[in-house]
Amino acid sequence: MAMLDMLTTALAANPVLAGGVGTLAFGGAMYLMRKVPEAALALVERTIWTKLTVESLSNEYRDVDAFIEGKRLDFFSRQLEAKDGSLKTGFGGGWGVYDGTPFRYAKTKSQAQGVQFETIAVSFLTRDRSVVERFLAEARPEEHRNSIHVALYGPGGVAGGLRRRKRGLDTVFVDKAIKERLVSRFKWFLGAEEWHAARGIPWKFGVVLHGPPGTGKTSLIHALASDFGFNVKYVKSLHGLGSAFMSGQRDDLFVIEDIDALAGALNRDGKDGAVESLRGSPLHEILNAMDGMQTPDGLKFVITTNHIARLDPAIVRPGRIDEAIEIGPLSLESAREMFFAFYGRAGIGAYAPRTGAQLQRLFSTASAEEAEKELARGAEPPALVSAA
């Protein structure tokens, strides 16, 4: 106590010291006056608000964007944006009400590595998580619940998207064994995260579907995505493939159709097949994206090609590709299933293998009897030419 009295006496006797301490005290008081309310507001923010963030790369972004436009309060914001042929919420912030719960939103735009992103942050004045879950469920229109979302990826990132109605595997006329194999492999992969981790194996799944045009490769992918509830990330350019893969989510299936037609140099035609000649090439991008340091866990992708021999062996080797499946013309059994689907009765006697596309064109333009006759004519062996 004597020490405190002595310090107080010394401070009072020294005006310079007293002024310095007073200034410090004043500054400290001002700092506390500013920081305490900020801390209190931050505490309130964390305690009574529930925040939802949706990025433009996600499949829910368009639905949430459109849904907010119908729930926001015009009094606080009249900013609008014309997109996809309709008015959406403009960039900036505002307020709205959902199911009696006030919310505030902020829509922003940013850019990273040359790719433009949009983000919507929605804060609900409630601690009830179920309000946010209902908001997301209701934001998805009824017609979208029977569809899959297809996002398009170009050289600069996302290049738009569309929705496609779901399609059942029973509507795809590919030989039964092929469909069963793919369904079995996808089911196993989705539940095998721990199996891969325990063995130090990257948790990813790659498929190549190859065969002549018109054999049903695209239709099969569409049906598989529908059956498993996947949303498709459709890759239009091999440049930036690694960035596209890293943007994927658990329910995304990446699709690269006609990979050999997307870019040249998908083989080692350089001098002595030197790896140095591949740097910066589409092949270099593919090899590292599919099986490299930037390959994300849970990655699922399907590649199609009509000419698998044009692809470098490194693309289709085990480790990068888990299943390489050839899809050819339909067997007699599958052709008969397709005939029944079109005409409602059994049919086809004589038959020479044809692609699903060829059969679809025939069945769509001819009666059952005409189709059977046409198929029988095609199955007849060529007439023998007698020697003169």
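The values are calculated or read from the model by the stated rules, or taken from the named source; none is laboratory data. Quick caveat, the model's predicted, so the values are computed rather than measured. FYI the Cβ positions are ideal-geometry reconstructions off the backbone, even for glycines, and counts take in every protein chain you see.
At-a-glance table
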quantity	calculated
Single residue of 198, 192, 106, 121 found to be within 17 Å of residue 322 (Cα to Cα) and at pLDDT 85 or above	192
Where residue 242 falls short, out of the listed (1) modelled with pLDDT under 90; (2) outside any helix (DSSP H, G or I)	(2)
Pick from the range 179-196, criterion within 23 Å of the chain's Cα centre (by Cα) and of a type in the set (A, V, I, L, M, F, W, C), ranking: farthest from residue 302 (Cα to Cα)	192
Matching residues in the range 309-334 - criterion: being surrounded by 12 or more Cβ atoms within 10 Å (Cβ to Cβ) and either aliphatic (A, V, I, L, M) or part of a strand (DSSP E or B) (or both)	311, 314, 315, 316, 321, 323, 324, 325, 326, 327, 330, 332
Qualifying residue in the range 288-297 (condition: part of a helix (DSSP H, G or I), at pLDDT 85 or above and under 20 Å from residue 211 (Cβ atoms))	no
Looking only at the range 131-150, and only at residues there that are in contact (Cβ under 8 Å) with a residue 24 or more places away in the chain and either crowded, with 18+ Cβ neighbours inside 10 Å or touching a strand residue (DSSP E or B) at 6+ places or on another chain (Cβ under 7 Å) (or both), the one that is farthest from residue 235 (Cα to Cα)	131
Residue match in the range 171-191 (condition: more than 18 Å from residue 222 (Cα to Cα), surrounded by 15 or more Cβ atoms within 10 Å (Cβ to Cβ) and aromatic (Phe, Trp, Tyr))	yes
